[in-house]
Amino acid sequence: MTVNALAKMIDHALLHPTLTDLDLKNGCALAVAYNVASVCIKPYAIKKACQWLEGSDVMVGTVVGFPHGSNSIEMKKEETEQCCIAGAVEIDLVVNIGKVLSEDWTYLEKEIREVYYVVKKYNAVIKVIFENDFLPSDQYKIKLCEICNSIGVDFIKTSTGFGMVKGGDGKYSYRGATEQDLILMRKHATGSVKVKASGGIRTVEEMLAVHALGATRIGTSSTKAILDAAAVKYSEEKINFMAGQLKGRY
């Protein structure tokens with residue numbers, strides 16, 4: 001596996017609330033320089049991102065219902081429509097987390113299916129974000145996998161990267177893409193449904209680990225650090241060796 005192959009697994013995240021227009025432009029330039037799979041950019045900047053990435057192989061992705069998934073189905077459909085019209089070719093949809101915890105599976109199937117139809121009208125890719133940090137048991141994640149399998153989404157995704165959970169001590173914590181969740185999601189994703197790991201992946205070692213667990217896309221804002229380290233520290237042979245060792249472990 002080459003450094004370029006690693007790059008083509010990365011969705012470079014440009015979603016933090018504090019990112020300015022210049023930050024987004026520079027982030028797109030970085031994505032081109034490292035030839036990643038895509039940028040996942042704030043929805044308002046989709047048109048600009050298409051311009052900034054013109055002539056490259058880097059795709060434009062964005063988010064819908066981000067980060068808490070609480071918009072109505074109609075609002076999510078309209079947001080998806082406008083994002084696709086603006087030029088996004090990959091849509092990361094946050095499910096309605098309250099509905100997941102309510103076990104309103106009929107609602108959730110309708111939500112995901114109707115957004116799926118809009119996405120596919122534009123021949124785009126849909127990734128469904130579970131936000132696993134908010135889900136207290138595996139039963140919720142398994143049921144979401146089953147719904148996504150039945151619809152035939154392109155990816156299921158662990159996290160937004162912003163799912164902070166308030167503990168009993170009043171402090172907030174975050175886990176992101178965990179080993180346990182990735183094993184579970186890969187086990188229960190069937191057919192052509194792929195897995196995207198997002199949240200807390202900041203090193204090449206962590207990236208190889210989640211890839212060994214079955215993730216074929218990785219959402220991260222640490223693209224430069226990961227790929228620079230891969231180029232400096234590891235030869236192609238060593239990357240392959242590490243990937244093989246990790247796959248053997250799991």
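Here are some notes:
- Out of ASP57, ASP92, sole residue that is under 25 Å from ASP21 (Cβ atoms), in a strand (DSSP E or B) and of a type in the set (D, E, K, R): ASP92
- Selection within the stretch 24-46 - crowded, with 17+ Cβ neighbours inside 10 Å and part of a loop (DSSP other than H, G, I, E, B): VAL36, ALA37, LYS42
- Set side by side, the residues ALA13, ALA49 differ, and just one is at pLDDT 95 or above, crowded, with 20+ Cβ neighbours inside 10 Å and part of a helix (DSSP H, G or I), which is ALA49.
Yes/no matrix, rows are residues, columns are (1) in contact with a Gly (Cβ under 7 Å, 6 or more places away or on another chain); (2) closer than 18 Å to VAL36 by Cα; (3) at pLDDT below 95; (4) of a type outside the set (S, T, N, Q):
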site: ASP181; (1), (2), (3), (4): no, no, no, yes
site: LYS196; (1), (2), (3), (4): yes, yes, no, yes
site: ALA209; (1), (2), (3), (4): no, no, yes, yes
site: THR216; (1), (2), (3), (4): no, yes, no, no
site: SER235; (1), (2), (3), (4): no, no, yes, no
site: GLY244; (1), (2), (3), (4): no, no, yes, yes
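- Residue among ILE85, ILE151 that alone is surrounded by 14 or more Cβ atoms within 10 Å (Cβ to Cβ) and β-branched (Val, Ile, Thr): ILE151
- Search result, residues across the stretch 118-132 that are crowded, with 18+ Cβ neighbours inside 10 Å and either within 16 Å of GLY87 (Cα to Cα) or at pLDDT below 95 (or both): VAL118, VAL119, ALA124, VAL125, ILE126
For every residue, the table says whether it meets (1) without any contact (Cβ under 8 Å) to a residue 60 or more places away in the chain; (2) aromatic (Phe, Trp, Tyr); (3) touching a Ser or Thr at 6+ places or on another chain (Cβ under 8 Å); (4) over 14 Å from ALA215 (Cβ atoms).
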| site | (1), (2), (3), (4) |
| --- | --- |
| TYR122 | yes, yes, no, yes |
| PHE130 | yes, yes, yes, no |
| SER137 | yes, no, no, yes |
| TYR140 | yes, yes, no, yes |
| CYS148 | yes, no, no, yes |
| GLY161 | no, no, yes, yes |
| LYS166 | yes, no, no, yes |
| SER173 | yes, no, no, yes |
| GLN180 | yes, no, no, no |
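The values are calculated or read from the model by the stated rules, or taken from the named source; none is laboratory data. For clarity, every value in this text was computed on a predicted model and none was experimentally measured. FYI the Cβ positions are ideal-geometry reconstructions off the backbone, even for glycines, and counts take in every protein chain you see.
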